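So the structure is just underneath, and the comments pick up after that.
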Amino acid sequence: MGMQVLGTMQVRLTIKKLTKIPFSLSAGNGQKFKFMSKRIFLSSFFKSISVPFIFLLFVISCSKKNDTKDNPGGSTNNVVVDAEVTVLSNENNQVIQGFGCATVFNPPETSPITSAEFDRLFGAGNNQVGLNFLRIRIASDDSWRATELSHAKAAIQRGAKVFATPWSPPARMKTNNNIVGGKLIADSAGAYAKYLNDFASYMAANGAPLYAVSVQNEPDWDPTYEGCVWTATEMRDFLKNQGALITATRLMAPELVNNNQTYVNTILSDDAAVANLDILATHLYGGGLVENQLAKSKGKEVWMTEHLETDTTYTANLNTAVEIHNCFTKANFNAYIWWYGKRFYGAIGQDGAVTKRGYFMSQFARFIREGAVRLGTTLNTRANVLISAYKNGTKKVVVIINTGSGQVNQKISFKDAAAATVVPYVTSATKNAEQGAQITLSNNSFVYALPAYSVVSFVEQ
């Protein structure tokens, strides 16, 4: 129990006899305490006296867990800690290249992205998502090329980078002379490599240089729409024999529909193929989240370049944050690219406003910038609170996901590097990347009350 003196009041009493003076105090929690003053004796020499009364307000603090339950999302001191974690500032893991989305094709019931909506997707301020990569489609028709060129320029103007993926080689290069189904004609491999390189040159000549081009979208899937199937051996041989022809930008492959390690390792086991491959890419429609040890040993970045979830419930949106966390901490991916930027399940909705999923994504994307390094952490003592840490230069960022239904008083400490102040940003059921008050650390640590089912990012100042 704590006690605070709020003030002193002088009360003049005229006392005519021996008496007791009742008074009461409020403890600030609805309780009242009644007291009786000491007896005051009438003196024959005085008819009246001044008696000072000091009114005290008792502030009762129950030392139990979650004592900040009426003020979740706040920095707390002198509370029982529910969970503890230490950021290992000298443990450097993978480089994070960034976060992105796609503009490929024309999704139904969705209008073209406006300038203001590009700002929301690729800006890093309040009510913006903070993406820094755009994925566009390599198409053989001039009309769609012009559309994607416009998208690319809009993203680049906002500081983003662009990479391009083909859904199919041109029909003339395929066994069925159709962009749907079929395979690449073996004798057209060299022409196809030139086609990819020419697209990169076209984009650069028109003010939108590409970060990379991909060989094929989901070569392990035979869809009823535009596509092309490649076996692992065919993909390996294309990279080995034709990859060097792509000189205008980086080369990415294989962008599998799922994270199929057997397919990937067929490529990575061939040094000649690996020599022409800059970025190993995969999608997450199955295959699990695992780190590829061959890619790591050969120094190849691994990007997650497409995933979507059409469920827009709060739980599904929060699970997207969990997926990003797992991509970085379990699979050690270097980038996370969502499917459509503008869609009812996207980072912004079909009304152009940032969605709850978009705000959860922004808890990572706004604060973990291109070139950041993921830091190590100890195992958090609360299993349902997921923690990852990063550094932009020397400034650290900690992203915490409370997947549980209750508030958690989480202690965060930093080892091997000093931190003076951090600013929290909270997305919860009632908040959207809301900035909180700056927190001053004590002995390189602080405690924060994490709201239930929330993501909180702590950004070092």
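The values are calculated or read from the model by the stated rules, or taken from the named source; none is laboratory data. Bear in mind that the values here come from a model prediction, so they are computed numbers and not experimental data. All Cβ positions, even for glycine, are placed from backbone atoms using ideal geometry, and neighbour counts span all protein chains on display.
Hey, any hits in region 277-300 for a residue that's closer than 18 Å to Lys194 by Cα, surrounded by fewer than 23 Cβ atoms within 10 Å (Cβ to Cβ) and assigned by TED's automatic domain parsing to the domain that holds Tyr195? Yes - at least one qualifying residue is present in region 277-300. Screening Lys174 on (1) at pLDDT 95 or above; (2) surrounded by fewer than 17 Cβ atoms within 10 Å (Cβ to Cβ) shows it passes everything except condition (2).
Residue under question is Thr313, and the condition is that it be over 20 Å from Arg120 (Cα atoms), surrounded by fewer than 16 Cβ atoms within 10 Å (Cβ to Cβ) and β-branched (Val, Ile, Thr); does it hold? Before you say what the answer is, go through the steps one by one.
Working: over 20 Å from Arg120 (Cα atoms): yes; surrounded by fewer than 16 Cβ atoms within 10 Å (Cβ to Cβ): yes; β-branched (Val, Ile, Thr): yes.
Yes: the conditions hold for Thr313.
Among the residues of region 111-127, write down those that are surrounded by fewer than 16 Cβ atoms within 10 Å (Cβ to Cβ) and either among the β-branched types (Val, Ile, Thr) or in a loop (DSSP other than H, G, I, E, B) (or both). Result: Ser111, Pro112, Thr114, Gly125, Asn126, Asn127. Filtering Gly182, Gly207, Gly130, Gly159 for residues that are touching a residue at least 60 places away in the same chain (Cβ under 8 Å), on the phi > 0 side of the Ramachandran plot and in a loop (DSSP other than H, G, I, E, B) leaves a single hit, Gly130. Would you call Phe133 of a type outside the set (A, V, I, L, M), surrounded by 18 or more Cβ atoms within 10 Å (Cβ to Cβ), closer than 16 Å to Arg369 by Cα and modelled with pLDDT of 95 or more? Considered against the rule, which asks whether it is of a type outside the set (A, V, I, L, M), surrounded by 18 or more Cβ atoms within 10 Å (Cβ to Cβ), closer than 16 Å to Arg369 by Cα and modelled with pLDDT of 95 or more, Phe133 comes out as yes.
Condition check for Asp271 on (1) surrounded by fewer than 18 Cβ atoms within 10 Å (Cβ to Cβ); (2) touching a residue at least 24 places away in the same chain (Cβ under 8 Å): one failure, at (2).
Restricting attention to region 325-349, the residues that are in a strand (DSSP E or B) and of a type in the set (Ser, Thr, Tyr) add up to 2. Restricting attention to region 110-158 and to residues that are among the β-branched types (Val, Ile, Thr) and over 30 Å from Asn178 (Cβ atoms), the residue that is farthest from the chain's Cα centre (by Cα) turns out to be Thr114.
Candidates are the residues of region 419-438 that are more than 15 Å from Phe367 (Cβ to Cβ) and hydrophobic (A, V, I, L, M, F, W, C); the one that is surrounded by the fewest Cβ atoms within 10 Å (Cβ to Cβ) is Ala437. Is it the case that region 138-157 has a residue that's buried (at least 16 other Cβ atoms within 10 Å of the Cβ) and acidic (Asp, Glu)? Yes, there is a match, as at least one residue in region 138-157 is buried (at least 16 other Cβ atoms within 10 Å of the Cβ) and acidic (Asp, Glu).
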